[in-house]
1. Please go through region 62-99 and give me each residue that is of a type outside the set (Asp, Glu), touching a strand residue (DSSP E or B) at 6+ places or on another chain (Cβ under 7 Å) and outside any loop (DSSP other than H, G, I, E, B), ordered by number.
2. Checking Pro54 against (1) modelled with pLDDT under 75; (2) in a loop (DSSP other than H, G, I, E, B), which test does it fail?
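The values are calculated or read from the model by the stated rules, or taken from the named source; none is laboratory data. Please read these numbers as outputs of a predicted model, since none were measured by experiment. Cβ placement follows ideal geometry from the backbone for every residue including glycine, while neighbour counts extend to all protein chains displayed.
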Amino acid sequence: MKRLTFVCSFVFILFILFYDLKIGTIPIQDLPVYEASAKTAAQEPAYKTVKVKPGDTVMSIVGSAGSPDDIVKDFEALNPNVKANAIQAGAAYKFPVYP
């Protein structure tokens, strides 16, 4: 009798998992709808043009407003053909501005 109960329970649990993964238990029309708030690709990030002084780095000019990876990526997007670690003193570059 224990074996039959175990087999029936196991089959029932497998059926529940299959049903939940295949069909789902939450109706789609009951899900909340949220408005998208991500910025679109067409928006250009805000920037300021700065003439670099000797000893300046991208991080020292921008500050710690964003993550270092995002700052480097945004700087290189604003200044094509310029690497963030190869800026030159006396040249003017566009630096991202974060709110």
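1. Correct list: Val62, Ile71, Phe75, Leu78, Ala92, Tyr93, Lys94, Phe95, Pro96.
2. So Pro54 meets the others, but not (1).
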